[in-house]
Protein chains: 2
Amino acid sequence: MADTRKLRLGAFVPATGHHLAAWRHPDADARAGVSFAHYRDLAIQAERAKFDLLFLADSAGLRGDQPDALSRQGKVVHFEPLTLLSALSAVTERIGLVATVTTTYNEPYHLARKFASLDHLSGGRAGWNLVTSSNEHEATNFNREQHVPHALRYERAREFAEVVTGLWDSWEDDAFLRDKESGLFFEPEKLHVLHHKGQHFSVRGPLNVARSPQGWPVIVQAGASEPGKELAAETAEAIFAAHQTTGEAVAFYADVKGRMAKYGREPDHLKIMPGVFPVVGRTRQEAKDKFEQLQDLIHPEAGLNLLSMHLGGIDLSHLDVDQPLPDILPETNAGKSRQKLVQELGRREGLTVRQLYLRIAGARGHWQIVGTPSDIVDLLQERFEARGADGFNVMPPYLPGGLTDFIELVVPELRRRGLFRSDYAGRTLRENLGLPRPAHGAAARLRRSAIHHAAE
Amino acid sequence: MADTRKLRLGAFVPATGHHLAAWRHPDADARAGVSFAHYRDLAIQAERAKFDLLFLADSAGLRGDQPDALSRQGKVVHFEPLTLLSALSAVTERIGLVATVTTTYNEPYHLARKFASLDHLSGGRAGWNLVTSSNEHEATNFNREQHVPHALRYERAREFAEVVTGLWDSWEDDAFLRDKESGLFFEPEKLHVLHHKGQHFSVRGPLNVARSPQGWPVIVQAGASEPGKELAAETAEAIFAAHQTTGEAVAFYADVKGRMAKYGREPDHLKIMPGVFPVVGRTRQEAKDKFEQLQDLIHPEAGLNLLSMHLGGIDLSHLDVDQPLPDILPETNAGKSRQKLVQELGRREGLTVRQLYLRIAGARGHWQIVGTPSDIVDLLQERFEARGADGFNVMPPYLPGGLTDFIELVVPELRRRGLFRSDYAGRTLRENLGLPRPAHGAAARLRRSAIHHAAE
């Protein structure tokens, strides 16, 4: 059975790359965050290599209170993902386009419309990475003094997904007759008004976009907390996960897929794609040198600032960087799973604060592999075959070099071992990921389940 | 002085065209609303003809309560404008890209980001048509039972503009050093946190997009009510106006431009571009025939539904279509200037309900000219030279044929008379429209003015 499984690949492409100091790399274009040409070339390159999707992270805010600490970060300004992916849809033909958009500070009607529109523009290649906001400074851009509490964010996210999918089902697939002769543009009985009234949202509908090529854009998620896993089991079709070890990955994989049956879903209808940060060299020494070159470019202030952000924005300036993190950190309301990941990494390996920021400066809590193509593929294959992953979201250390390395050195090795296909399976992101197209009316499942929850 | 003025041209391109029955025209692609190829071809065609801009209207909702009446409308589903224009930015180089987005049911942070992002993607060609929502059914998609009252919508719109422009000034133009050597990405003192706290919004900032090529995307407006004109005089750089006669147009032009001095603005820094619906024939008879062909395609139910929407959604089903509109119509809370326009048209010309819907089925209250290229240019020239317009927003009856007619027949005549340039003046929309680039900090004018208003 493992023989016929093919792994999926995403290209997760922040402007200059994932490493904290990527923008300082001699080959990096430090203007990448506002360069469409940069992204166009990346997208075309990833498409030629038959990547399933491009993946863009997002935040609707920026910490402005410590400009000095921030001033050494290369990722402070960048395109907004939906506008960027829409532009990329016009210069690509097959690669999926996945944008992160938060459910915490958005309205489901706007979001449903924009993703349906992108799905039409791209001929069925849109994906939505559904997240809840994990940073406090987003709140202050949206009429709030304080961040929305974690549990409430997930409650809102679930209802958000229910409304969005309901809106995507506003029209049956064959509602539009466009019959010039009779003058009937659509069949009235194939229009479905949502009339949603819930805890967080009251949205009548219908959507003013026709049902899109994929029925629904693919729903991706990333949360690893309890409510995050539950929401994913109920609603996600792909997960961007973060695990250091195969053991953790296999447990997570089994856990989330095991929760799907109670929602009437097949385990195979959710693809788990952990992040991997690969530093590729023709020899191990070359790979190590590449990594050290980036590490040496980290300014200590930038390192501390990154660590602080990963721990929910807490102040670390008083700490001795040559000591470990204190066991107890101040309570925050930010992304708990990421915070826990970083703390555990420090504890497990007995790292000092400096060592810790150096460790997360690349993969930022994700899985980091420094080695030859064969080393990297050995590890990917092991995790894939152990059912810790259905594929990987590749996080190049710097761009475009890090992606080029992966495509030129790692992808051929994956193909040699029969792990990765050499052409696209279909025209839509769903077809390539091996996900079913939701039949019209599928959103009703989420609605019924909400009614069931409410009645409990 | 009139000799050196050149008129500006916008191409206002709803899917199949402006005429109510456009989608039924034999040459129309009835799938245009979801066809990127259709829009790509239109944009390229308009750019070759050196149009200043493409203009897209919008509504974040759709009347779902009368599916039968709606089912004969060809414009019920269409791309969302910001995603569509982003995609078009990748296949064009010079034409401006103006999207309508409402201030009534949006958050300024999202909007500021998306337009700044589009401005970067397009190399300085973005424009925002700032509107307040004019239809009730948008409200019900955004957690409201009822539409926001007219006065409150304008109050919110003004503050919205203040926040958006403030966010566009988050970074000075030269804030980003991107100095690989020192590791300094930006100069901390060139980051400006907005800290806005007002009646409607509390937005801290800063924006996570660098100041865009145009400084600010061009701000367009369309409202013709008292608060609409005042807001335009204070904040707009182009106006999409609707006037039937040169007298009205000249009065409006003088009125709005006359209000600018008190805001410290030059009259020339606001371009007034009335809509014009041209039906072009090589002979007058050919033009008339083209128009009649479209009029004959109007289904009576579609006509009544259109009229009802133009009057704020009131029920007209009980009316005798061969009598005039009643003098007094039910109160509504929708776009008052459009409603007034339609009522006055009916009264002035003594039209029956049927004649009225036939009259608005094309230009929908805008200026309609059916004639030869020379007829059309005579009228445009008269209005332009009388200072009733700085240019025109061309509303093709059907697409692409109506735009092709204008480009092939009318544009050459405009050029022969020295009214329209034969190449772009610059690379950005501002340069082409002849608008100054706002210096960093220009948003402070709006903030000071708000404080002044509050202190009164």
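Values quoted throughout were computed directly from the atomic coordinates according to the rules given, and no laboratory measurement underlies them. These numbers were taken from a predicted model, which means no experiment stands behind them. Backbone-built Cβ (ideal geometry, glycine too); neighbour counts: all protein chains shown.
Observations on the structure shown:
- Cα-based helix-to-principal-axis angle, A:226-235 vs chain A, degrees rounded to 10: 40
- Bridge orientation summary for segment A:147-258: considering DSSP beta bridges with both residues in this region, about 75 percent are antiparallel.
- For residue B:374, label point 7 Å along C-beta direction: distances to other copies, nm: 8.4
- In nm, spacing of pseudo-spin labels at residue A:145 and residue B:444 (7 Å Cα→C-beta vector): 2.9
- Gyration tensor verdict on segment B:71-148 (Cα atoms; rounded if a/c is under 1.5, prolate if a/b is larger than b/c, oblate otherwise): oblate
- FRET efficiency for residue B:251 and residue A:344, using Cβ-Cβ distance with R0 set to 45 Å, rounded to 0.05: 0.05
- In the structure shown, the pairs A:75/B:190; A:114/A:180; B:50/B:75; B:50/B:257; A:6/A:271 are assessed against 18 Å; a Cα-Cα span above that value is assigned to A:114/A:180; B:50/B:75; B:50/B:257.
- Order by protection proxy (mean Cβ within 10 Å, highest first), peptides A:57-63, B:441-447: A:57-63, B:441-447
- Counting Cα-Cα pairs of chain A in 10 Å increments starting at 0 gives whole-percent bin shares of 4, 20, 32, 27, 13, 3, 1, 0.
- With a Förster radius of 25 Å applied to the C-beta separation of residue B:152 and residue B:65, the computed FRET efficiency comes to 0.55.
- For segment B:16-107: rounded, prolate or oblate by the Cα gyration tensor [a/c cutoff 1.5]: oblate
- Per-residue mean of foreign Cβ neighbours for B:33-39 is 4 (Cβ atoms of other chains, 10 Å radius).
- Normalised contact order of segment B:1-118, rounded percent, pairs of Cα under 8 Å and 6 or more residues apart: 30
- In chain A, Cα pairs under 8 Å separated by at least six residues give a relative contact order of 24 percent.
- Across every pair of non-identical alpha carbons in segment A:388-451, the mean reciprocal distance, once inverted, gives a Kirkwood radius of 15.1 Å.
- Taking 0.36 nm per residue of separation and subtracting the current Cα-Cα distance, fully stretching the chain between residue B:422 and residue B:327 would add 29.4 nm.
- Cα gyration tensor shape of segment B:37-172, rounded if a/c is under 1.5, else prolate or oblate by comparing a/b with b/c: oblate
- Cβ-derived FRET efficiency at R0 51 Å, residue B:386 paired with residue A:269, nearest 0.05: 0.20
- Charge dipole of the protein assembly as shown (Cα centre as origin; +1 on each Lys and Arg Cβ, -1 on each Asp and Glu Cβ, all else neutral): 580 debye, rounded to the nearest 20.
- Nearest-ten-degree value, helix A:246-258 long axis tilted from longest Cα axis of chain A: 10
- Two-decimal ratio, segment A:84-232, of alpha-carbon radius of gyration to 2.2 N^0.38 Å: 1.15
- Computed over segment B:173-225: relative contact order in percent, which uses C-alpha pairs under 8 Å that are six or more apart: 23
- q = 0.14, 0.15, 0.19 Å⁻¹, segment A:216-337: log10 I(q)/I(0) [Debye, one scatterer per Cα]: -0.86, -0.93, -1.08
- At 7 Å out from Cα toward Cβ: residue B:415 inter-copy label distances (nm, ascending): 4.8
- Peptide A:106-112 - average C-beta neighbours from other chains (10 Å radius): 5
- By average C-beta atoms within 10 angstrom, highest first, the peptides B:160-171, A:87-98, B:36-47: B:160-171, A:87-98, B:36-47
- Between helix A:150-168 and chain A: long-axis angle, C-alpha atoms, 0 to 90°, nearest 10: 40
- Here, the protein assembly as shown has an Rg and a Dmax of 28.1, 89 Å when only alpha carbons are counted.
- Across peptide B:58-71, the average count of Cβ atoms from other chains found within 10 Å of a residue's Cβ is 5.
- Dipole check for segment B:1-149: with +1 at the C-beta of Lys and Arg, -1 at the C-beta of Asp and Glu, and the Cα centre as origin, the magnitude is about 440 Debye.
- Net length gained if the chain between residue A:415 and residue A:41 were fully extended (0.36 nm per residue, minus Cα distance): 132.3 nm
- Neighbourhood charge, 9 Å Cβ-Cβ cut-off, centred on residue B:187 and excluding it, Lys, Arg +1 and Asp, Glu -1: -2
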